[in-house]
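Below: the structure, in structure tokens.
The values are calculated or read from the model by the stated rules, or taken from the named source; none is laboratory data. All values reported here derive from a predicted model rather than from experimental measurement. With ideal geometry, Cβ positions are generated from the backbone for all residues, glycine too; neighbour counts draw on all protein chains shown. To get the accessible areas, we keep the full protein, side chains included, count just its heavy atoms, and leave off ligands, DNA and RNA. Shrake-Rupley method; radii C 1.70, N 1.55, O 1.52, S 1.80 Å.
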Amino acid sequence: MKPHTVLSALLALGISAGAHAKLPTEVDGLIEVKSKLMEAVYLQPGADFRTYTQIMIDPSVVSFRKNWLQIQNNSQPIGAADRQISAADAQNILNTAQMTFDQVFSDTLAKAGYTIVTAAGPGVLRLSPSVANLYIVDPQPNGPTMGRTFTVQPSEATLVLEARDSQTNTKLAVVLDEQETQSAGGAQFSSQSGNLADFKKMVDFWASTSAKGLENLKAVSPVPTDLSPNQKL
């Protein structure tokens, strides 16, 4: 599969149903293993992560949860035309999310000690990130940036991250993780700036957790060639 196509395969298998959807034990030849860091981790049997000291990151692909735009507009009070979200508004949100993801993800991995490069080469791990099922509560596209309203529902998103050898394009791992941006335990203030800050925190978590996961994979490399589903490494 080409980069990001695993996302389509996972969505077809029911990932769009959310974090509690039943996940397959194998994806494109990769076997699911137990992970304390991410919701699901799939590894290539025999993969060796010890040589990777540099990271090449593809531009992210970001998409909303199915029917997000319709759900948001239907939830607004009748006559509140200034709170309706247009297709252009939605695209602007996606563009902002993609640019934010790419910047924060790269910066966080660099802070973790990895050299970020733009070309394939020896010791270069290629990462292809996708953010699926992005669900932003009360984005307020036409209101003031600092305008605030109350919400009790958290925003959510799902990361699908593919890791490949940059030279051979051999797929080594796929990671899946769903996160919420805030607690749903009570009323929260919502604003454009607050939503963006929450999204940055989510991306920073994913990047720092990915860095920890890569170090863990180096420690257990090479991955067993007889890897079994849900095996603990």
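Sub-9 Å Cβ pairs linking a first residue in the range 103-120 that is open to solvent by 50 Å² or more (accessible area, probe 1.4 Å) to a second residue that is part of a loop (DSSP other than H, G, I, E, B), at least 6 apart or interchain, are Gly113/Thr53; Thr115/Thr53; Ala119/Ser166; Ala120/Ser166; Ala120/Gln167; Ala120/Asn169, ordered by first then second residue. Among the residues of the range 149-166, is any in a helix (DSSP H, G or I) and at pLDDT 90 or above? No: the range 149-166 contains no residue that is in a helix (DSSP H, G or I) and at pLDDT 90 or above. Out of curiosity, is Thr25 open to solvent by 50 Å² or more (accessible area, probe 1.4 Å) and modelled with pLDDT of 90 or more? For Thr25, the condition - open to solvent by 50 Å² or more (accessible area, probe 1.4 Å) and modelled with pLDDT of 90 or more - is not met. Cβ separations smaller than 6 Å between residues 6+ apart or across chains give the following pairs from the range 46-74 residues that are more than 28 Å from Ile85 (Cβ to Cβ) to residues that are open to solvent by 80 Å² or more (accessible area, probe 1.4 Å): Gly46/Thr225. Within the range 175-182, is even one residue modelled with pLDDT under 95, open to solvent by less than 60 Å² (accessible area, probe 1.4 Å) and acidic (Asp, Glu)? Looking through the range 175-182, at least one residue is modelled with pLDDT under 95, open to solvent by less than 60 Å² (accessible area, probe 1.4 Å) and acidic (Asp, Glu).
Residues of the range 49-74 being outside any loop (DSSP other than H, G, I, E, B) and aromatic (Phe, Trp, Tyr), which ones? Phe64, Trp68 - these are the residues of the range 49-74 that are outside any loop (DSSP other than H, G, I, E, B) and aromatic (Phe, Trp, Tyr). Of all residues in the range 34-66, those that are modelled with pLDDT of 95 or more, within 30 Å of Ser228 (Cβ to Cβ) and either touching a Phe, Trp or Tyr at 6+ places or on another chain (Cβ under 9 Å) or open to solvent by 60 Å² or more (accessible area, probe 1.4 Å) (or both) total 3. From the residues in the range 198-220 that are of a type in the set (Gly, Ala, Ser) and touching a Ser or Thr at 6+ places or on another chain (Cβ under 9 Å), which one is surrounded by the fewest Cβ atoms within 10 Å (Cβ to Cβ)? If we take residues in the range 198-220 being of a type in the set (Gly, Ala, Ser) and touching a Ser or Thr at 6+ places or on another chain (Cβ under 9 Å), then Ser208 is surrounded by the fewest Cβ atoms within 10 Å (Cβ to Cβ).
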